[in-house]
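Please see the structure below; I have some questions.
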Amino acid sequence: MTKLQVAIDLLSTEEALALTAKVAPYIDIIELGTPLIKQEGLAVVTAMKKAHPDKLVFADLKTMDAGELEADIAFKAGADLVTVLGAAGDATIKGAIKAGKAHNKGVVVDTIGVKDRVKRAQEVTEFGAEFVELHAGLDEQWADGYSIQVLIDEAARAGVPVSIAGGVNVDNITKVVESGVVVAVAGAAIYGAEDPAAAAKSLREAIEGVAEAV
């Protein structure tokens, strides 16, 4: 069944822990966003893994260089998954994956800024990436004419394990899951909701509904 990942772009460890405590029953992966890690450092990764040892903790490093070194640092801090950018050179991605294998952890390749996300997803999967994130960043989402349907269509034809991040919410989660993703990533739809727990529960129920219908 598709996993649900919460992307936490809040800017303090305390806020992140408080949010996760509310939504933990409904999510599988806890993503600590790039702004959060830049603000708080990798200590937030350690704190989150200590608080939720049963969840996968995802450090969104968006590494562009020194892939093996940066991934190694994050894994030692407690991360189960780290991101390296698909726009990075192959050596950087392979280096991060090497570190992942050494720690028995996973590397996710983030395609933000990549022109042909499907092609790059297929390429880096051969390197040993855990999965590839088809990602439309906030700036892309805010541009006129943006639609998550672009990512849904890409996921359906990728033919490799992918996630979708870029505006996932309760209105489109069914289509996202039906595209075949291994992970659905929800950020503002959860942390920006008046009741984050209820929002996460609704997303989880929608995912389960698709699984039951298959």
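Which whole-Hz couplings ³J(HN,Hα) result when phi for each residue of the stretch 203-214 is put into the Karplus expression 6.51 cos²θ - 1.76 cosθ + 1.60, θ = phi - 60°, listed in order with x for Gly and Pro?
Calculated HN-Hα couplings, in order: 5, 4, 5, 5, 4, 5, x, 5, 4, 5, 7, 6 Hz.
From the helices alone, meaning DSSP H stretches of at least four residues, give me the mean residue ellipticity at 222 nm for the chain, per-run term -39500 (n - 2.57), in deg cm²/dmol to the nearest 500.
For the chain, the value works out to -14000 deg cm²/dmol.
Right, another one. When the Karplus curve 6.51 cos²θ - 1.76 cosθ + 1.60 is applied with θ = phi - 60°, which whole-Hz ³J(HN,Hα) does each residue of the stretch 57-69 get, with x for Gly and Pro?
So the J values, rounded to whole Hz, are 9, 10, 9, 7, 6, 6, 4, 10, 8, 6, x, 5, 5.
I want the local charge near Gly95. Using Cβ-Cβ distances under 10 Å, sum +1 for each Lys or Arg and -1 for each Asp or Glu among the other residues.
-3
What net charge is computed for the residues neighbouring Gly167, neighbours being all others with C-beta under 13 Å from the C-beta of Gly167, Lys and Arg scored +1, Asp and Glu -1?
Net charge in that neighbourhood comes out at -2.
From the phi angles alone, apply the Karplus equation (6.51, -1.76, 1.60; θ = phi - 60°) to the stretch 11-23 and give each ³J(HN,Hα) in whole Hz, x where the residue is Gly or Pro.
The phi angles translate into 10, 9, 4, 4, 5, 5, 5, 5, 5, 4, 4, 6, 9 Hz.
Along the charge dipole of the stretch 130-214, Cβ charges K/R +1 and D/E -1, which of Phe131, Val170, Ala189 sits furthest on the positive end?
Value computed over the given set: Phe131.
Related question: Where the only charges are on Cβ atoms (+1 Lys, Arg; -1 Asp, Glu), what is the dipole of the stretch 108-214 about its Cα centre, to the nearest 20 debye?
Once rounded to the nearest 20, the dipole reads 180 debye.
Which links in Lys115/Lys201; Lys76/Lys201; Lys62/Lys94; Lys22/Lys55 stretch past 23 Å when you go from one Cα to the other?
Too far apart for the 23 Å limit: Lys115/Lys201; Lys76/Lys201.
Tell me the net charge near Lys55. Cut-off is 10 Å between Cβ atoms, Lys55 excluded, with +1 for each Lys or Arg and -1 for each Asp or Glu.
-2
A follow-up question, please. Excluding same-chain residues fewer than 8 positions from Lys38, which aspartates and glutamates have a Cα within less than 13 Å of its Cα?
Asp9, Asp60
So, with +1 on the Cβ of K and R and -1 on the Cβ of D and E, and no other charges, what is the size of the charge dipole of the chain about its Cα centre, to the nearest 20 debye?
Here the size comes out at about 540 debye.
How far apart, in nm, are the 7 Å Cα→Cβ label points at Val170 and Asp116?
Inter-label distance under the simple model: 4.0 nm.
Quick one: putting +1 on the C-beta of Lys and Arg, -1 on the C-beta of Asp and Glu, what dipole do you get for the stretch 120-182 around its Cα centre, in Debye to the nearest 20?
160 debye
Given a 1.4 angstrom probe, what's the average accessible area per residue across the chain, in square angstrom?
45 Å²
Something else: How compact and how long is the stretch 102-214, expressed as Rg and Dmax of its alpha-carbon atoms in Å?
That works out to 14.3, 43 Å for Rg and Dmax.
Consider the candidate values (1) 16.9; (2) 18.9; (3) 17.5; state which one is Kirkwood radius over Cα pairs in Å computed from the structure displayed.
The value matching this structure is (1).
The values are calculated or read from the model by the stated rules, or taken from the named source; none is laboratory data. Just so it is clear, the model here is predicted, and its values are computed rather than measured. No Cβ is skipped: glycine too gets one built from the backbone with ideal geometry, and neighbour counts run over all protein chains shown. Note: accessible area is taken over every heavy atom of the protein model, side chains too, but ligands, DNA and RNA are not part of it. Shrake-Rupley method; radii C 1.70, N 1.55, O 1.52, S 1.80 Å.
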